[in-house]
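Visitor: After the structure tokens below, expect a handful of questions from me.
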Amino acid sequence: MSYFSQTAYDIRLEWGLAAVENLAADVECVVIIDVMSFSSCVSIAADRGALLFPYPWKDSSAIEYAREKQAEAANFDRRFSGKGFSLSPHSLLKLEAGKRLVLPSPNGSAITFKAKAGNASIFCASLRNLQATAQACQAFSNILIVPCGEKWADGTLRPALEDLYAAGGLAAQLQALSAEKALSPEAQAAAAVYRGTPANQLRECASAQELIERGFAADVELCLENDVSPLACQLIDDAFTGISSGKTRLISGP
């Protein structure tokens, strides 16, 4: 599958779980992007000083995994009212520093779990911390950006504009920081989407409209905040934690 590998380029981009399965073994760094809402949850948790453990399954095994990690399992259903935490970014604004939270998610968490099987350093990026993520990742020789997308009712991948936009923003910022890094055609196309799409149009995209109709307009606003966090989010010892520029832990690559 060498024609799909993008190995001639330093900054690569491909969608979803298959990207990690097929391309992650050839890079030093993987950046997972799921704007609405896993990546935004990770960023908010990091800003609050919490540790967020991704977990792919919304069942009783998540509770057992939380026990193993001496953590609390988030609610399986998205909610921002009442007690507890969920995949709603708004619910995580109540996190306290030092909190350990397992966040079940069949998308961003599942792709993170798959990426853990390799040797690459793993980051999670959202619109909230694109600049911080680019600064943290620029030291890596080659990077795979993975927009997660969403799923249709039949479980197939639905490429999502907000993820493509954020992935393109990260690609553009990485190239701006390291002009010698070459973007694959896929990464270049995403960067063009980022440069050519007014940010306020993201409120009209399918993912945003779905959340708004379900009563999660406040989540949409949090997810669309641009570069409000100074922290990149790196997976360290099974949990995403916030790191300042220059604090990246380099993990030996393939």
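The values are calculated or read from the model by the stated rules, or taken from the named source; none is laboratory data. Quick caveat, the model's predicted, so the values are computed rather than measured. All Cβ positions, even for glycine, are placed from backbone atoms using ideal geometry, and neighbour counts span all protein chains on display. Each accessible area value is taken on the protein alone, full model and side chains, heavy atoms only, with ligands, DNA and RNA left out. Shrake-Rupley method; radii C 1.70, N 1.55, O 1.52, S 1.80 Å.
Visitor: Which ones in segment 93-115 are modelled with pLDDT of 95 or more and over 18 Å from LYS58 (Cα atoms)?
Guide: Passing the criteria: LEU93, LEU95, GLU96, ALA97, GLY98, LYS99, ALA115.
Visitor: If I filter segment 8-17 for residues that are surrounded by fewer than 20 Cβ atoms within 10 Å (Cβ to Cβ) and free of Cβ contacts under 8 Å to residues at least 60 places away in the same chain, do I get at least one hit?
Guide: No; the residues of segment 8-17 include none that is surrounded by fewer than 20 Cβ atoms within 10 Å (Cβ to Cβ) and free of Cβ contacts under 8 Å to residues at least 60 places away in the same chain.
Visitor: Any residue at all in segment 87-109 that is within 22 Å of GLN6 (Cα to Cα) and touching a residue at least 12 places away in the same chain (Cβ under 8 Å)?
Guide: no
Visitor: I need the full set of residues from segment 62-89 which are modelled with pLDDT under 95, surrounded by 14 or more Cβ atoms within 10 Å (Cβ to Cβ) and basic (Lys, Arg), in order please.
Guide: Residues satisfying the conditions are ARG78, ARG79.
Visitor: Another question, then. If a residue must be out of contact with any strand residue (DSSP E or B) (no Cβ under 9 Å at 6 or more places or on another chain) and either under 26 Å from ALA117 (Cα atoms) or open to solvent by less than 70 Å² (accessible area, probe 1.4 Å) (or both), how many such residues does segment 91-103 contain?
Guide: Residues in segment 91-103 being out of contact with any strand residue (DSSP E or B) (no Cβ under 9 Å at 6 or more places or on another chain) and either under 26 Å from ALA117 (Cα atoms) or open to solvent by less than 70 Å² (accessible area, probe 1.4 Å) (or both): 1 in total.
Visitor: Considering only helices (runs of 4 or more DSSP H) fully contained in segment 146-254, which possess at least 2 residues that are without any contact (Cβ under 8 Å) to a residue 40 or more places away in the chain and open to solvent by 80 Å² or more (accessible area, probe 1.4 Å)?
Guide: Where helices (runs of 4 or more DSSP H) fall fully within segment 146-254 and carry at least 2 residues being without any contact (Cβ under 8 Å) to a residue 40 or more places away in the chain and open to solvent by 80 Å² or more (accessible area, probe 1.4 Å), they are 185-196, 206-213.
Visitor: Which of the residues that make up segment 104-144 are polar (S, T, N, Q), open to solvent by 10 Å² or more (accessible area, probe 1.4 Å) and in a helix (DSSP H, G or I)?
Guide: GLN131, GLN135
Visitor: For the condition within 26 Å of ILE11 (Cα to Cα) and out of contact with any Leu (no Cβ under 9 Å at 6 or more places or on another chain), what is the one hit in ASP34, ASP59?
Guide: Step by step, each of ASP34, ASP59 is checked, and only ASP34 is within 26 Å of ILE11 (Cα to Cα) and out of contact with any Leu (no Cβ under 9 Å at 6 or more places or on another chain).
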